[in-house]
Amino acid sequence: MKIRILGCYGGKLPKYRTCSFLINDSLLIDAGAIAAVLNLREQLKIRHILVSHAHLDHIKDIPFLADNIFFENTHSVNVISTHRIIEQMRKHLLNNLIWPDFTIMPTKKAPILKAKPIRVGREIKLDGITVKAIKVNHTVETVGYIIRDGKSAFVYSGDTGPTERLWKEVNKIKNLKAIFIETSFPDGMSRTAEASRHFTPVTMKRELKKINHSHVPIYVYHLKPQYIKAIQKEIKAFRDPNITILAPETIFKF
Ligand SMILES: [Zn+2]
Ligand SMILES: [Zn+2]
């Protein structure tokens with residue numbers, strides 16, 4: 001499995017893009033950084049987008065992707081998430097007001113974007129990759145994703161505060177190669193983090209105690225760019241060689 005990190009921050013500033021992980025060139029987790037990173041040829045390879053939740057930083061490039069590939073019109077891109085999250089995107093983004101409804105264009109039968117609702121906890125298969133969505137704890141309905149192929153697996157936490165179910169599922173995984181966990185605010189902003197259901201370094205570290213895989217690398221992502229220095233300092237202070245702050249354009253192969 002190959003993972004290319006297109007964007008991995010919880011906000012936007014020059015050089016800091018919002019979350020988008022590209023798997024094997026055709027499967028995306030979240031759509032925070034498609035159009036500004038991938039050229040048109042690469043965008044045309046995308047077949048599936050797994051959406052963790054409907055917050056703008058995770059869906060904002062879906063409209064631009066649809067627009068970019070519309071005239072090529074060779075295939076549909078599956079937009080995959082829970083029924084509720086898909087409905088939120090339809091109602092508030094692809095609503096023929098903010099942007100055209102590409103889920104029925106050019107035709108209802110062969111649209112550019114095909115909405116595919118999935119059930120949490122149920123595995124689905126996409127081009128040889130097995131995907132399971134698990135609900136996490138954010139201010140709106142949000143899922144984390146467990147992704148695996150025959151050889152290896154990883155977990156993407158999604159935006160979340162303290163949560164249980166995801167880690168119970170993670171503890172059952174064999175061949176786990178990476179844990180991507182969000183950390184958005186520095187510890188001095190723990191109230192804001194709690195209210196918006198995000199982690200700070202201390203609450204993220206506490207969360208890791210729920211995981212049995214002690215040697216699996218931890219990659220921290222979704223840092224708010226304006227607080228990046230403070231968060232880096234606090235994570236460094238743990239002196240935990242297993243924890244790395246994720247950098248954009250990293251490529252993982254496992
Ligand atoms: Zn976010
Ligand atoms: Zn969010």
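No value in this document is a laboratory result; all are computed from the given coordinates. Nothing here was measured: the structure is a model prediction, and the numbers come from that model.
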Taking 8 Å as the Cα distance limit and 6 or more residues as the minimum spacing, I'd like the relative contact order of segment 2-253 as a percentage.
17
Hey, could you get me the Stokes-Einstein D for segment 2-253, Kirkwood radius over alpha-carbon pairs, 20 °C and 1.002 mPa s, rounded to whole µm² s⁻¹?
117
Go through Lys114/Lys210; Lys12/Lys174; Lys2/Lys168; Lys12/Lys109; Lys15/Lys174; Lys132/Lys209 and tell me which ones have a Cα-Cα distance over 32 Å in this structure.
Lys114/Lys210; Lys12/Lys174; Lys12/Lys109; Lys15/Lys174
quick note, segment 2-253, DSSP beta bridge pairs, % antiparallel (nearest 5) is 50
What 222 nm value per residue comes from the helices of the chain, counting each DSSP H run with n ≥ 4 as -39,500 (n - 2.57) and dividing by all residues, nearest 500 deg cm²/dmol?
-5500 deg cm²/dmol
Can you flag which of Lys45/Lys151; Lys172/Lys236; Lys151/Lys229 are past 26 Å Cα-Cα?
Lys172/Lys236; Lys151/Lys229
Sorted by chain and number, the residues with a modelled amide H under 5 Å from that of Phe238, at a separation of 5 or more or across chains, are none
Given H placed on each backbone N at 1.01 Å, which residues far from Ala115 in sequence or on other chains put an amide H within less than 5 Å of it?
Val79
